[in-house]
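The structure appears below as structure tokens.
The values are calculated or read from the model by the stated rules, or taken from the named source; none is laboratory data. Quick caveat: nothing in here was measured; it's all calculated off a predicted structure. No Cβ is skipped: glycine too gets one built from the backbone with ideal geometry, and neighbour counts run over all protein chains shown. Heavy atoms of the whole protein, side chains included, go into the accessibility calculation; ligands, DNA and RNA do not. Shrake-Rupley method; radii C 1.70, N 1.55, O 1.52, S 1.80 Å.
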Amino acid sequence: MSALALSVLLSLVSAVAYAGGAIVQEHVAVSSGQQYAPLRRPTWWAAVALNGLGGLLHVVALAYGPLSLVQPLGALTIVFALPMAALFVGRKAGATAWRGAIMATVGLAGLLSLVGASESQSLSTAQRIAVAVVSGGAVVALMVAGRAAHRHPAVRSMLIATASGIAFGMSSVFTKTVAVDWTGGVSAADLPFLAVIGVFATAGMLLSQASYRGAGLAAPLATLTVVNPVVAAAVGITMFGETFRYGTTGTALALSCGVVAAGGLILLTTERIARTAAESAPEPQALPEPVEPVEPAAAGPAGRPTSVEELLATIPEQPADVPHEEALVPAQAGPAVFAVAYDRDEAPAADPARYRFYGPFYGGSYVPMPDVDRHRERVKS
């Protein structure tokens, strides 16, 4: 097997590993209550292992093949992820998601294929610090914006996935810088930047895990797959002296490919927003079944309706000697008269209305008594 064929094979296996890791991450995000790092879930560590395997195979593929070939093949991750998710997890993607994924992949592959190779260059210490501060600030700002958009899961997922792509892209940039430095020998001055690589790589992994929560698989993975190499290519063009091929024509084609990739991401985002709105909408209530008309219970010999006398005749007669149970019926409550006078020495009056009780007790009816205003106005002469 030639070196070029081996590079292509390793790139394809790397894309499959990345796709498998993304599927496992999305499954963990749905089934786990933790947002960033469900450390107690063995499946999450399986996703970490798959992502690590994909990164290792990608580095080996770069050792055997050109960058212009290996980087576009890495964009096939989203294309592999959709059928794998439908096959292993049962998450089928609609036609809109497929169109968005294909647009994002084609645009990214075209953009990366137009980036020309250049001589290996490194960054100065001031440039490295500036790049780390700016990219770190961008990641933090996107995280804050994603937290503010918690009511819109699709938008929040895209913002966090963009932050994850920036973190992964800057990890690649610093990896390339340290690798160029180590061609002349290992230096202790690169140790702090190894820590920066670890911070960016860990942040990218944790943010990618959070981006899959409540937003599905296609949109976050496509965003991450596009933003990662685009950020790395932008830094390479601006700081490493890399250029697009074919001069002005290549630059125009690269911009066109970027527009196609961005259109694919927008299509994926709107598709996810529409699906989320459809899932959160209340289900329509089923209409009641029509009630069948009730036929007459009985009919006479000539088909005429049964008369009242005939219906009464069907009721069996009860014997007269059967004792009936007595029922207590409350009598109508009249004016209650107290047997006690207002004064103990005074005899009860003949008029019972004097001692009539107005109130809701003892069965009496409640009659509100008027309140007499005791306050009188004084008239001054």
Self-check item: Number of the condition not met by Trp182 [criteria: (1) open to solvent by 30 Å² or more (accessible area, probe 1.4 Å); (2) modelled with pLDDT of 85 or more; (3) of a type in the set (Phe, Trp, Tyr)]
Solution: (2)
Self-check item: Any chance Val133 is of a type in the set (A, V, I, L, M, F, W, C), open to solvent by 40 Å² or more (accessible area, probe 1.4 Å) and over 19 Å from Val30 (Cα atoms)
Solution: yes
Quiz prompt | Looking only at region 43-96, and only at residues there that are small (Gly, Ala, Ser), within 25 Å of Glu271 (Cβ to Cβ) and open to solvent by 50 Å² or more (accessible area, probe 1.4 Å), the one that is modelled with the highest pLDDT | solution = Ala95
Quiz item: Any idea how many residues of region 102-137 are under 22 Å from Ala75 (Cβ atoms) and either assigned to a helix (DSSP H, G or I) or polar (S, T, N, Q) (or both)?
Solution: 14
Exercise. Among the residues of region 7-34, write down those that are within 28 Å of the chain's Cα centre (by Cα) and open to solvent by 50 Å² or more (accessible area, probe 1.4 Å).
Key: Val16, Tyr18, His27, Val30, Ser31, Gly33, Gln34
Practice problem: Check whether at least one residue in region 147-157 is touching a Lys or Arg at 6+ places or on another chain (Cβ under 7 Å), open to solvent by 60 Å² or more (accessible area, probe 1.4 Å) and in a loop (DSSP other than H, G, I, E, B), and report yes or no. | Solution: yes
Exercise. For Ala233, state whether it is at pLDDT 80 or above, open to solvent by less than 20 Å² (accessible area, probe 1.4 Å) and assigned to a helix (DSSP H, G or I).
Key: no
Quiz item: What are the residue pairs meeting all of these: first residue in region 7-21, first residue farther than 12 Å from Val79 by Cα, second residue modelled with pLDDT of 90 or more and surrounded by fewer than 22 Cβ atoms within 10 Å (Cβ to Cβ), Cβ atoms under 6 Å, and 6 or more apart or on different chains?
Solution: Ala17/Leu50; Ala17/Leu53; Gly21/Leu50
Quiz item: Out of all the residues in region 185-196, is one or more under 28 Å from Pro38 (Cβ atoms) and among the aromatic types (Phe, Trp, Tyr)?
Solution: no
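Among the residues of region 195-230, write down those that are of a type in the set (Gly, Ala, Ser), surrounded by fewer than 23 Cβ atoms within 10 Å (Cβ to Cβ) and not in a loop (DSSP other than H, G, I, E, B).
Selection gives Ala195, Gly198, Ala201, Ala203.
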